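The values are calculated or read from the model by the stated rules, or taken from the named source; none is laboratory data. For clarity, every value in this text was computed on a predicted model and none was experimentally measured. Quick reminder, even Gly has a Cβ in these numbers, built from the backbone with ideal geometry, and neighbours come from all protein chains shown.
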Amino acid sequence: MKKLNRREFISGMLATGIVLQIPSAAMAMFPPKAKVVKAGLITDLHQDVIHNGTERLQEFLGHMKKIKPDFIMQLGDFAYPNDKNKELIDQFNNANPVALHVIGNHDTDSGHTKEQCLRYWKMPARYYTKEIGGICFIVLDGNDKGSPTRKGGYPAYINDEQKNWLQEQLKQVNKPIVIVSHQPLAGALAVDNAAEIQDILSSASDKILLAINGHTHIDCQLFVKNVHYVHINSASYFWMGDKYKHNSYTEEIHQSHPWIAYTCPYQDALFTTLTIDPSSGTVHIEGRKSKWVGQSPRQLNYVDATGLSVGKEIVPSISKRKIG
């Protein structure tokens with residue numbers, strides 16, 4: 001296996017997953033005898049779309065109870081911030097002393113607001129930092145309006161105010177950094193000013209361990225301008241759209257939850273554990289596999305407009321990955 005250079009891909013697949021190189025400078029920022037930091041991650045539960053979101057969350061929380069991570073985090077499109085979902089939201093928030101949230105584009109559907117997200121989810125702000133175990137997690141809000149290149153649909157943008165704040169954080173923080181967002185900052189369905197944000201992150205790439213996101217409902221990893229980007233798959237389904245509308249469950253379920261017909265659901269909840277181990281200099285993402293419910297995207301002859309491939313990025317699974 002040929003190593004291109006210290007900061008680039010190590011090509012090829014190993015039994016443990018895809019092996020990548022992370023910045024040694026970032027690992028050197030850890031204090032002596034720094035402990036392992038473990039995060040439980042779930043994204044795109046879509047409680048208000050899927051009929052069994054509560055069961056999927058319980059599966060996640062049950063696994064977290066066993067492994068006891070330092071914190072849990074949901075990466076957006078979780079549950080409308082309202083009284084109907086308060087019990088589910090509280091279950092998440094009470095499952096760990098540190099329960100973090102990211103605002104997704106669908107969390108403000110049906111007239112809901114970011115202010116409600118902050119209040120119901122108990123977020124400190126729509127974008128913020130959180131230090132855990134000597135690592136700075138920088139959480140962004142990719143739902144800003146004002147993109148000069150927006151072509152319709154939901155806003156996907158980091159505005160100047162937030163961009164300046166991000167640049168200031170990257171300058172000030174003298175710790176290893178993990179960037180977290182709902183919308184991707186690289187790859188499919190990235191924010192409109194992704195190239196600009198990538199340049200900003202690249203300027204601090206020696207500090208950044210990786211950037212993670214939800215939103216796309218795919219399993220994907222990219223290496224752009226010396227920064228690793230990982231798309232975390234949805235807990236619930238892959239969105240197919242109107243052209244591929246079909247029933248995966250009973251008629252009764254589809255009548256009560258009509259949006260499911262636009263998806264290919266996963267049989268089991270998908271989620272992962274992010275483990276950062278300073279002693280070995282590795283970042284590990286736990287793999288998890290499920291199956292399609294009903295007809296799969298391949299059986300429906302799905303063709304993705306953005307060029308994603310069924311069986312590659314479009315899969316009912318999260319790949320095991322090791323960065324180190």
Worksheet item: Of the residues K225, K245, which single one is more than 18 Å from V139 (Cα to Cα) and in contact with a Phe, Trp or Tyr (Cβ under 9 Å, 6 or more places away or on another chain)?
Response: K245
Worksheet item: Which residues, counting only those in segment 101-136, are of a type in the set (S, T, Y) and under 10 Å from P81 (Cα atoms)?
Response: T108, T113, Y120
Discussion item. I need the full set of residues from segment 28-44 which are in a loop (DSSP other than H, G, I, E, B) and in contact with a strand residue (DSSP E or B) (Cβ under 7 Å, 6 or more places away or on another chain), in order please.
Written reply: V36, T43
Worksheet item: For segment 254-287, what are the residues that are of a type in the set (V, I, T) and more than 23 Å from K243 (Cβ to Cβ)?
Response: T272, T273, T275, I276, T282, V283, I285
Item to complete: Would you tally the residues in segment 213-231 being closer than 16 Å to V191 by Cα, out of contact with any His (no Cβ under 6 Å at 6 or more places or on another chain) and in a loop (DSSP other than H, G, I, E, B)?
Response: 1
Fill in: Some residue of segment 300-314 being touching a residue at least 24 places away in the same chain (Cβ under 8 Å), in contact with a Phe, Trp or Tyr (Cβ under 9 Å, 6 or more places away or on another chain), surrounded by 20 or more Cβ atoms within 10 Å (Cβ to Cβ) and outside any helix (DSSP H, G or I)
yes
Item to complete: Identify the single condition in (1) crowded, with 19+ Cβ neighbours inside 10 Å; (2) among the hydroxyl-bearing types (S, T, Y); (3) modelled with pLDDT under 95 that Y266 does not satisfy, given that it satisfies every other one.
Response: (3)
Response to the item:
Filtering segment 201-222 down to residues that are surrounded by fewer than 18 Cβ atoms within 10 Å (Cβ to Cβ) and in contact with a Leu (Cβ under 9 Å, 6 or more places away or on another chain) yields S203
Worksheet entry | segment 142-165: number of residues that are free of Cβ contacts under 8 Å to residues at least 40 places away in the same chain and surrounded by 20 or more Cβ atoms within 10 Å (Cβ to Cβ) | 3
Discussion item. Checking the condition more than 18 Å from the chain's Cα centre (by Cα), over 20 Å from F71 (Cα atoms) and not aliphatic (A, V, I, L, M), which residue from Y266, Y244 passes?
Written reply: Y244
Worksheet entry | Which listed residue is of a type in the set (G, A, S) and out of contact with any Leu (no Cβ under 7 Å at 6 or more places or on another chain), from G104, G53 | G104
Worksheet, complete the sentence: Pairs returned, first residue in segment 195-212 that is touching a residue at least 60 places away in the same chain (Cβ under 8 Å), second residue that is of a type in the set (K, R), beta-carbon separation under 8 angstrom, 6 or more apart or interchain, are S205/R7; S205/K225; K207/K175
Discussion item. I need a count of the residues in segment 287-299 that are touching a residue at least 40 places away in the same chain (Cβ under 8 Å) and surrounded by fewer than 18 Cβ atoms within 10 Å (Cβ to Cβ).
Written reply: 4
Worksheet item: Among the candidates A195, A186, which residue alone is at pLDDT 95 or above and outside any loop (DSSP other than H, G, I, E, B)?
Response: A195
Worksheet item: For segment 54-107, what are the residues that are of a type in the set (D, E, K, R) and on the phi > 0 side of the Ramachandran plot?
Response: K68, D77
